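All remarks here apply to the structure that follows.
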Amino acid sequence: MGDSVINLTVHGIGPTCRTLDPGEDLTWVSVERFEQVMDAVVNRPEVRITFDDGNASDVEIALPRLLERGLDAEFFVLAGELGKPGRLDEDGVRTLVASGMRVGSHGWAHRDWRGISPREAEQELTEAHQVLTKVSGRRVTRVAIPFGSYDRRVLARLRTAGVTRAYTSDGGRARPGDWLQARTSLKHDLDAAWIERTLLGHVSVRDLGARLYKRMR
């Protein structure tokens, strides 16, 4: 499996410090469980770590623990949520970059990109990149698709917008250089068995079918 990678997605860590959206608690993990996963991926170069939503815990909790273990990660930030309670602010984004982390876009307002208007698409796929590029001082060209929700139209919009890599939530392994990258989200109830299974890159036939359906619909 040396020709494949495993992309992990982290959302919030530790005590919640803002009102969560419905179902968001399912991907909010304790500090202990986050540390267990990070310990398991040390010296595993085929594992990539990503973060979604731009939560304050990215800097307050995740960053020092990544640095302690010599790990790097890519943080996908909601440009329209910067500075709101419980979210990263501009200084937080700059701290991530200064610490050797990469910053990408999760869009503007955590909308499902399959149902957005042309004006919303401009905000999600152009203005968000511009804001994050200015704040981070690095050109932002990669995205994490909100909710992992996409279809052929969304993928076409991303290519038109100049996106150089798009991350999904499809689970399982991915080829390192592919434009579309499957990821697996950490869950609130993960345990040692979940870590072992996920790091083996297991993906069900159902999940493989879902990937194909999303790309064709």
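Values computed for the structure shown
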item: GNM result for the chain, Cα springs below 10 Å: residue of W28, W113, W194 fluctuating most strongly; result: W194
item: Cα-centre dipole for region 76-141 with unit charges at Cβ (Lys and Arg positive, Asp and Glu negative), debye to 20; result: 200 debye
item: Per-residue [θ]222 nm for the chain (sum of -39500 (n - 2.57) over DSSP H runs n ≥ 4, rounded to 500); result: -9000 deg cm²/dmol
item: Structure-derived mean projected area of the Cα convex hull in nm²: which label, when the choices are [x] 13.1; [y] 11.3; [z] 15.8; result: [y]
item: Rounded to 5, the percent of DSSP beta bridges in region 1-116 classed as antiparallel; result: 5 percent
item: Alpha-carbon centroids, region 127-158 and region 21-53: separation in whole Å; result: 21 Å
item: Candidates D58, D72, D178, ranked by Gaussian network fluctuation over the chain, Cα under 10 Å, top entry; result: D178
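All of the numbers you see were taken from the coordinates with simple rules; none came from a lab. None of the values given here were measured: they were computed from a predicted structure. When we count neighbours, we look across all protein chains shown, and the Cβ atoms used for this are built from the backbone with ideal geometry, even at glycine.
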